[in-house]
Amino acid sequence: MAEKRKTKKKKEELDNPPKIEKPSKTCYTVAKWLRKNVPTKKTKFLSHNVEYFTGSKAIDALMESDFAVEKNGNEPVFATRVDAAQFLNEMLVFKFFHRARKVIVSEEELKAKLKKKETSKKKDDDESSHTECERKEETTAGTEKKEGKDKEKKKRKIRLEMHMEQIFVDGLDAYVWIYDPIPVYYWFFGSLLVVGAIAICLFPLWPPVVRKGVYYLSVAAAGFLIFIIALAILRVVVFCLVWVLTLGKHHLWLLPNLTEDVGFLPSFWPLYQYEYKGAKSSDKGKKKKKKAKDSDGEDDDENRKLIEEENSGANEGEVENSASESESSQKSQTGKDFEMVEHEEIDS
């Protein structure tokens, strides 16, 4: 009989599930405040990029906030840490966030992931063996550096997994955010888009003056676009004509920045760009030849000067030798190797 009653109760519970109340305004205000003021970290959870926070830090922040202070004689929302934990547990029930379990990633798993990445890179890349060897060396060096840094910092990598007990605990457990409020400017721009679409649909109901103005503006915009396309075609035609007629020596571009990634006004300035790319190699060759000739001429002039200086030195030596020989011969011929001097001259 007891078993039958239990089965009946279970069927009644399944048929009539308990109604979940909506979260209060305080829940939303506290959730917004926590999103802004509690530090979060980013990670991957079930192949999704998520943000999570720790329970103890959330309670510490709430106890230091205005929610734990009396205002105008009213009692604070959170008098103790237990009250804050209970309130956050209610928020967890309303699925503002959910509890996750931290799992330390072992070194073997990290090495296996690195090996998988290396094998995938080898399959995708069809480069030469030299580049592959360099990449292997780089990857080994990178892994060694990472291992050294990890040893110095002594930090362990953690991944998140779903916790079976969805209860808020004042501890170091991770809680992944589900609540993601939509910013105000999203609503503003979205409403503008809706209003603009409705206004365009109601174009036949606009006043005649406004419709004429819009018509002229649309014609002017279309004419401007046609003008830009015609300019782009014209500049290519002019460049091709000049290039063909001058055999590739002259390059002339009208509005060279028209199709560049610049602003509106810089795209129309400068008006043209001209370059001369002909006979540069021949001019360089001629200049080199001239320089070589000039250097050869200077060398010849220097050699000539040296020869003339040597010849002049030899001639001067011969003249001096001949002069000395003539003097000695004259002296020897006259026999006046010494002169006679009188006593009066000696006394004077």
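The values are calculated or read from the model by the stated rules, or taken from the named source; none is laboratory data. Here the structure is a predicted model, which is why all the values come from computation and not from measurement. When we count neighbours, we look across all protein chains shown, and the Cβ atoms used for this are built from the backbone with ideal geometry, even at glycine. To get the accessible areas, we keep the full protein, side chains included, count just its heavy atoms, and leave off ligands, DNA and RNA. Shrake-Rupley method; radii C 1.70, N 1.55, O 1.52, S 1.80 Å.
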Practice prompt. Scan (1) under 19 Å from Leu34 (Cα atoms); (2) among the hydrophobic types (A, V, I, L, M, F, W, C); (3) assigned to a helix (DSSP H, G or I) for the single condition Leu172 breaks and write down its number.
Written response: (3)
Practice prompt. Might you let me know whether the range 186-201 holds any residue that is in contact with a strand residue (DSSP E or B) (Cβ under 9 Å, 6 or more places away or on another chain) and in a helix (DSSP H, G or I)?
Written response: no
Worksheet item: Restricting attention to the range 62-89, and to residues there that are closer than 14 Å to Asp170 by Cα and surrounded by fewer than 18 Cβ atoms within 10 Å (Cβ to Cβ), which single residue is nearest to the chain's Cα centre (by Cα)?
Response: Met63
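So, restricting to helices (runs of 4 or more DSSP H) that lie completely within the range 1-97, which ones have at least 1 residues that are modelled with pLDDT of 90 or more and charged (D, E, K, R)?
Values: elements: 2-15, 25-37, 55-63, 81-93.
Result: 25-37, 55-63, 81-93.
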Practice prompt. Examine the range 234-250 for a residue that is surrounded by fewer than 13 Cβ atoms within 10 Å (Cβ to Cβ) and touching a residue at least 24 places away in the same chain (Cβ under 8 Å), and state whether such a residue exists.
Written response: yes
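Scanning the range 98-108 for residues that are open to solvent by less than 70 Å² (accessible area, probe 1.4 Å) and farther than 24 Å from Met63 by Cβ, which turns out modelled with the highest pLDDT? Quick ask: steps written out before the conclusion?
Taking the range 98-108 as the starting set, the residues that turn out to be open to solvent by less than 70 Å² (accessible area, probe 1.4 Å) are 98-100, 103, 105-106.
So of that shortlist, the ones also farther than 24 Å from Met63 by Cβ come out as 103, 105-106.
Values: Val103: 81, Val105: 73, Ser106: 73.
Selected residue: Val103.
Have a look at Tyr179, Tyr216 and point out the one that is outside any strand (DSSP E or B) and touching a residue at least 24 places away in the same chain (Cβ under 8 Å).
Numbers: Tyr216 fails: touching a residue at least 24 places away in the same chain (Cβ under 8 Å).
So the residue among Tyr179, Tyr216 that is outside any strand (DSSP E or B) and touching a residue at least 24 places away in the same chain (Cβ under 8 Å) is Tyr179.
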Practice prompt. Specify which of the listed residues (Val184, Val194) is at pLDDT 95 or above and open to solvent by 80 Å² or more (accessible area, probe 1.4 Å).
Written response: Val194
Worksheet entry | Filter result (open to solvent by 40 Å² or more (accessible area, probe 1.4 Å) and under 24 Å from Tyr276 (Cβ atoms)) within the range 251-264 | Leu252, Trp253, Leu254, Asn257, Thr259, Glu260
Worksheet item: Which ones in the range 44-56 are open to solvent by 30 Å² or more (accessible area, probe 1.4 Å) and in contact with a Phe, Trp or Tyr (Cβ under 7 Å, 6 or more places away or on another chain)?
Response: Glu51, Tyr52
